[in-house]
1. Please turn the phi angles of segment 102-110 into ³J(HN,Hα) values with the Karplus equation 6.51 cos²θ - 1.76 cosθ + 1.60 (θ = phi - 60°), one per residue in order, whole Hz, x for glycine and proline.
2. Is the shape of segment 76-186 best called rounded, prolate or oblate, per the rule: a/c under 1.5 gives rounded, else a/b larger than b/c gives prolate, else oblate, with a ≥ b ≥ c the square roots of the Cα gyration tensor eigenvalues?
3. Under the 0.36 nm per residue contour assumption, what length would be gained going from the current alpha-carbon distance of Glu70 and Asp95 to full extension?
4. Please compute the Kirkwood hydrodynamic radius over segment 179-273, one decimal place, Å, based on all pairs of different Cα atoms.
5. Kirkwood Rh and Cα-based Rg: tell me the resulting Rg over Rh for the chain, rounded to two decimals.
6. What ratio of Cα Rg to 2.2 N^0.38 Å holds for segment 1-120?
7. Can you order the peptides 166-178, 89-101 by their average number of other Cβ atoms within 10 Å per residue, highest first?
8. Please report how many Lys pairs in the chain have alpha carbons closer than 23 angstrom, counting only residues at least 8 apart along the chain or sitting on separate chains.
Amino acid sequence: MNVLGYITLMITLKNLSLHPKMAVVLDTIVNIVMLWCVSSIHSWWTLLILIILRILAWALLIRLVYYPPEVSRLRHFFSLLIFLLGSLSVMLFVDWKYAWYLLGLFFILLPMFGFWLLPAQEDKLYLMSKHHRRWLFLMNVFGIGGLWNGLTAMIAFQVLNISSWFLILPMVALSTTVAVWWWREYGVPADRKFWIWTISFVFLLVEMSWVILLNPFGNFAQGLILTWIWYILWLVIRFYLSKDGIDWRRQRWFLGFNLLLLALFLIFLVRWN
């Protein structure tokens, strides 16, 4: 391709604007193809190539799709990236085929709805952009959960002959980065109290990951519990740092309900080895 042809192609791509529903179709097709490829790979370098190609495909699609000025392309892209890494992390260690199929369904549906919820009409901009932001946060929670699950599996199966802390500390750093990012997305001001609680969040997460990984819950239960704790901490700190503060009368029921669920999970579902 000569220089004139390359410039023409770049101008065409810059002016092209895909409808979000068209992006849904294209994204679903690419996800199905990648899911089939993941199910048949046998080497790490092939997986790495697939991940790079998927990221590039998402980057191109996000560039071509119409986004209102109020909706961030970067927020969507990084949410997809966290989701991709997390979903693949858990899928690589799942040996029950029905669980793998369920994860594969999530792998297709969650990014699909991320494009489906993009507001394409001005009269639906506020409502749809709010739903879109919530869905992207859900994708981040799923991704963090998958990464914690993959980390606990790597430690349990001793995939890498290194200290567990060389895996835990980067994961804590990533989890904290995602937490800080989404506190800011929900309008929490980055003042002195914000950074004090961010540091506290790091120490709490390090302590809880160390305690959970010492217990013989099994890697899936460990990953789920760590993600559960991460989300509860994120939510409580978000409300505490917000302008209105935290309403303990309302949140005590939420915290109590989650504590009860966690207790039932540990008693009846977790296999203590």
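1. With the stated coefficients, segment 102-110 comes to 5, 5, x, 5, 4, 4, 8, 6, 5 Hz.
2. Judged from the Cα gyration tensor, segment 76-186 comes out oblate (a/c at least 1.5, b/c at or above a/b).
3. Once the chain is fully extended between Glu70 and Asp95, it gains 4.8 nm.
4. 14.7
5. 1.00
6. 1.18
7. 166-178, 89-101
8. Within the chain, the lysine pair count is 4.
Read the figures in this text as sums done on the coordinates, not as results from a lab. From a predicted model like this one, the values you see are computed outputs, not experimental measurements. Ideal geometry is used to build each Cβ from the backbone, glycine not excepted, and the neighbour counts take in all protein chains shown.
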